[in-house]
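Notes follow the structure.
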Amino acid sequence: MHNSLKSKVKSSKSVVSGQWSVVSLFLLIFFLLTTDHSPLTTVKAQVPSPKSVLGFQPTDDKTIADWTQITNYFGKLDAASGKISVKEIGKTTLGKPMIVAFISSAENLKNLEKYRQINAKLANPQTVGQNELENLVKTGKTIVSISCSIHSTEIVASQMSMNLAFELATATDEGTKEILDNTILLLIPSSNPDGIDIVTNWYRKTLGTKSEGSAPPELYHHYAGHDNNRDWFMLNLQETRNITKLYWQEWFPQFVYDVHQMGQTGARFIIPPFFDPPNPRISPLVLREVGLVGYKMAADLQAKNIAGVATNTTFDTWWHGGFRSAPYYHNSIGILSEAASADLMSPVTITKEQMQKSRGGRGLASALETATNHPDVWQGGLWRPRDIAEIEMTASRGLLEVAAKFRPRYLRNFYELGRANLEPKQNEPQAFVIAGGQPNGEAVSRLLEILMWQGIEIYRMTEEGYFAMEAAKRNDFHEMPLGSFLIFVNQAQKNNILSLFERQVYPNRLNANGEAEVPYDVAGWTLPLQMGVESDAVWNTRDLEKFKKTLKKLENINQARDVLNIAPAKESFAKITNPLKTNPKIGLYKPFTSSMDEGWTRLVFDNFQIPFSSVSNNDFRTNNLNFDALILPADGENTILNGFSATRYPEEFAGGIGEAGVENLKKFVENGGKLICFDDSCELVIKRFGLPVKNALKDLKRSEFYNPGSIVSLETDTKNPLAKGVWEDTPAYFTNSSAFEITDETKFKSVAKYAAKDALLSGWMLGEKFVNGKTAVAETAYGKGKIILFAFRPQHRGQSWATFPFIFNSLEK
């Protein structure tokens, strides 16, 4: 070809090429402008899957992600998806970050603060008019919180949370779109991150050994262990306070779902409706909604042919202080699920024989029983973490679907429940008053702070008030001094106020054989009683409207501390000045068997800044007991003596103090040491030291005596130094505790006895006559030393401030 022709052809091709480049660019721009690029239609590969980040699929056999891996994954989701926003809500007890993942449509997340404010208004109906209500219901979103693995050995949910978040961030079906458009999910991967790492580290360390799948030889919460789900009105723990602030100061969720596991050989999954009795301070509507959600979950699981799902069994709605039960008193719907466990993240095989031997719970005699509340029996077989995860994922989706589909209903009902609480009722007090001038200022301050943290309004009296204290005598007024504190009942949180201040009367529930039916957790918890704070119900106020004008609302706890004449607190739930006048060297026994009572004792010591040292099994065995006082927490004789079995645990964690430890303990006291025993530990000391004391309740049947957790009255010898600062009639916490008969009163002295009559103050006690007049606190000399026995737990769950002085006095030199 001629060169000039070649040149023209080349030039022509360049023009054509250039024309196509323009067309291509035009088409690309048109595509970008006309295509929906919302996060819902983003290609899944753009959002990292858990496996792509972790290197394994969460909930697969023998895999486990620690807290750093979990938070790192959620951070990557936040960066990659417009449908997830991760926020830190505070630090844990050991300083780890606590996170919540907000999951909703991209548009909703752009307006997160708007929706938070809408829900805050619905939670405070006194500020909302009818016209505004309609707009709030129309525009608001259902707030749902799902929290995973507060009990860290119930580990699967924390791993499942990553799968759930990924599914919601990437799924493009209409059902997911409806969820994201109508709800805002507050997903908490774990409310106990410290425990996630404790369990993860132990599981990895023991994988492939005889200890694989066992519980770690330490509490999986630094202070509370399993009892971290018993703190939801007391707020002793940092994690509880962080979530309480998120829920009841900021977001006010309509739904709170607490995801748990249970034993291995019962039903595969237990969900609402729950068993009886219900607490009368829970709205009937809330109970109905709890049941409705549970049945939705059960139906969804049955549609997937998942067997072994049970309702109406084991768990009730009486007790206040759990993750899912506290929301009932905030007009919210609390859901608990309990899935059968594997060995942490290792699969197990469950035989029908094991299931036959397993005791059923209330409402279900056996996991092999076909019943209306358990229509499809699981027949045994291989049970894996992924089975648990599938159930939990299905249940979570079921909840979200209900919350999305009936969004206006739940928002309106939430408002109406709060509004109804503003109205006075004839059989309810007008207020509760906490008298000024009480000597225990720190206890009063902490009680007020607990209430305020949950969103309860408290008023300081700047003038004397005149109140009727009896329902039957509403015109019989008594003066209450200025500096007192008033909590009006008719707040949106009325049910919470009543439940915390009233004395509980648990129904007398007996089985067919006459034995007491065991409730879920405790029967009574009246907070002022536990804390030793004087409070009275107010049934009428003289010149109420005029009196209200003299009240000052508490905005922070230091305003109360100023009235109480105690130093201002530098932070929320601040530590308290050491009450001890002397400087004893204190040892606290710390077994490897994860003693919650030991943990709560540590919490009390740390909160009151009392120095102490932990004492190990080996310290007892080798006589390393260089202390002025030793405390044995409420652990039984076998636990203290023998501890863990060497067939399951490594040698370093096996055994207890042993016989050598008992002999060294005797020498410690004989040589001048002081031994302080709480509840269960008394039995070992009584037996091994040959003390002239016996537990009067030891051989009684549950048809004769039973007290599962109640407040009882002690008659105290206030002249005894051990009772300094204690009321003459002192409330104490009794939970399957003891009552002592002293067989030689010349050697043993009673410091406090259970009341001779009417000993029950709040809760339930069958067969009270067996404790009336029996010894609750006793002391004796032993060699050059001293032994102090507590028949109950004077530091019960860090709640029983009324009996803390007994502990402090016992420790003084």
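Calculated FRET efficiency, Asp376 and Leu482, Cβ-Cβ r, R0 56 Å, to nearest 0.05?
Using R0 = 56 Å, I get an efficiency of 0.30.
Using a Förster distance of 41 angstrom, determine the FRET efficiency expected from the C-beta separation of Lys357 and Thr63, and round it to 0.05.
0.85
Using the heavy atoms of the protein chains and a 1.4 angstrom probe, tell me the accessible area per residue for the chain in square angstrom.
40
Cα to Cα, under 18 Å, and not fewer than 8 places away if on the same chain: which lysines meet these conditions relative to Lys91?
Lys245, Lys570, Lys575
Quote the relative contact order of segment 69-210 in percent (integer), defining contacts as alpha-carbon pairs under 8 Å separated by 6+ residues.
This gives 30 percent for segment 69-210.
Give the relative contact order (percent, whole number) for the chain; include only Cα pairs under 8 Å separated by 6+ residues.
RCO, the chain: 11 percent.
Can you give the Rg to Rh ratio for segment 280-422, taking only C-alpha atoms and Rh from Kirkwood?
My calculation puts Rg/Rh at 1.01.
Provide the net charge surrounding Ser535, with neighbours chosen by a C-beta distance below 13 Å and charges set as Lys +1, Arg +1, Asp -1, Glu -1.
Summing Lys and Arg as +1 and Asp and Glu as -1 gives -2.
Between Gln249 and Ser614, what length in nm is gained on full extension when 0.36 nm per residue of separation is reduced by their alpha carbon distance?
127.7 nm
For segment 588-627, treating each Cα as an identical point scatterer without solvent, what Debye log10 I(q)/I(0) comes out at q = 0.15 1/Å?
Reported log10 I(q)/I(0), two decimals: -0.37.
Over segment 147-305, what is the relative contact order in whole percent, taking alpha-carbon pairs under 8 Å and six or more residues apart?
25
Return the subset of Lys51/Lys76; Lys141/Lys553; Lys784/Lys813; Lys687/Lys753; Lys701/Lys757; Lys585/Lys747 for which the Cα-Cα distance in this structure is over 24 Å, preserving the input order.
Lys141/Lys553; Lys585/Lys747
Express in whole angstrom the spacing between the alpha-carbon centres of segment 233-284 and segment 500-572.
Centre-to-centre distance over Cα atoms comes out at 21 Å.
Pop the C-beta distance of Lys724 and Thr746 into the FRET formula with R0 = 30 Å and round what comes out to the nearest 0.05.
Taking R0 as 30 Å, the efficiency between Lys724 and Thr746 is 0.80.
Which of Ser158, Pro193, Thr172 sits farthest toward the positive end of the charge dipole of segment 146-260, with +1 on the Cβ of Lys and Arg and -1 on the Cβ of Asp and Glu?
Pro193
What trypsin sites (Lys or Arg not before Pro) does segment 162-212 have in DSSP loop regions with at most 16 other beta carbons within 10 Å?
Here the trypsin sites (Lys or Arg not before Pro) that fit, given the DSSP loop and packing criteria, are Lys210.
Please list, in order, the residues from segment 409-430 whose amide nitrogen is less than 20 Å from a point placed 7 Å along the Cα→Cβ vector of Ala120.
Label zone hits: 411-412, 414-416, 418-419.
Rounded to the nearest Å, what's the spacing between the alpha carbon centres of segment 443-465 and segment 331-348? Just the number, please.
The two parts, judged by their Cα centres, are 37 Å apart.
Could you give the length gained on full extension between Asp606 and Glu463, defined as 0.36 nm per residue of separation minus the Cα-Cα distance, in nm?
47.8 nm
State, to one decimal in nm, how far the label point of Asn111 lies from the label point of Glu670, with both points 7 Å from Cα in the Cβ direction.
About 7.9 nm, to one decimal.
Any chance you could list P(r) for segment 106-148, counting all Cα-Cα pairs in 5 angstrom bins from zero, rounded to whole %?
In order of increasing distance, the bins hold 5, 21, 29, 22, 13, 7, 2, 0 percent.
Divide the volume of the convex hull of the Cα atoms of the chain by its number of residues and quote the answer in cubic angstrom per residue.
Each residue corresponds to 217 Å³ of Cα convex hull volume.
Reachable aspartates and glutamates from Lys548, Cα under 12 Å, same-chain residues fewer than 8 places away excluded?
Result set, ordered by chain and number: Glu463, Glu464.
So, in Å, what gap is there between the alpha-carbon centers of segment 288-303 and segment 732-789?
The distance from the Cα centre of segment 288-303 to that of segment 732-789 comes to 47 Å.
To the nearest 20 debye, what is the magnitude of the charge dipole of the chain about its Cα centre, counting +1 on the Cβ of each Lys and Arg and -1 on the Cβ of each Asp and Glu?
The calculation lands at about 1880 debye.
Considering only Ser738, Met480, Ser645, whose Cα is most displaced toward the positive end of the charge dipole of the chain, charges sitting on Cβ of Lys, Arg (+1) and Asp, Glu (-1)?
Ser645
Just subtract the alpha-carbon distance of Thr577 and Glu178 from 0.36 nm times their residue separation and send over the number in nm, one decimal.
Between Thr577 and Glu178, full extension yields 138.3 nm more.
Find the Rg to Rh ratio for segment 448-554, where Rh is the Kirkwood radius over alpha-carbon pairs and Rg uses the same atoms.
We get a ratio of 1.08 for segment 448-554.
List every DSSP H helix in the chain whose Cα atoms extend 27 Å or more along the helix's own long axis and whose mean Kyte-Doolittle hydropathy is at least 0.0.
Taking the DSSP H segments of the chain (at least 27 Å long, mean hydropathy at least 0.0), we get 3-34, 284-303.
The values are calculated or read from the model by the stated rules, or taken from the named source; none is laboratory data. All of these numbers come straight from a predicted model, not from anything done at the bench. Every residue, glycine as well, gets a Cβ built from its backbone with ideal geometry; the counts of neighbours run over all protein chains shown. Each accessible area value is taken on the protein alone, full model and side chains, heavy atoms only, with ligands, DNA and RNA left out. Shrake-Rupley method; radii C 1.70, N 1.55, O 1.52, S 1.80 Å.
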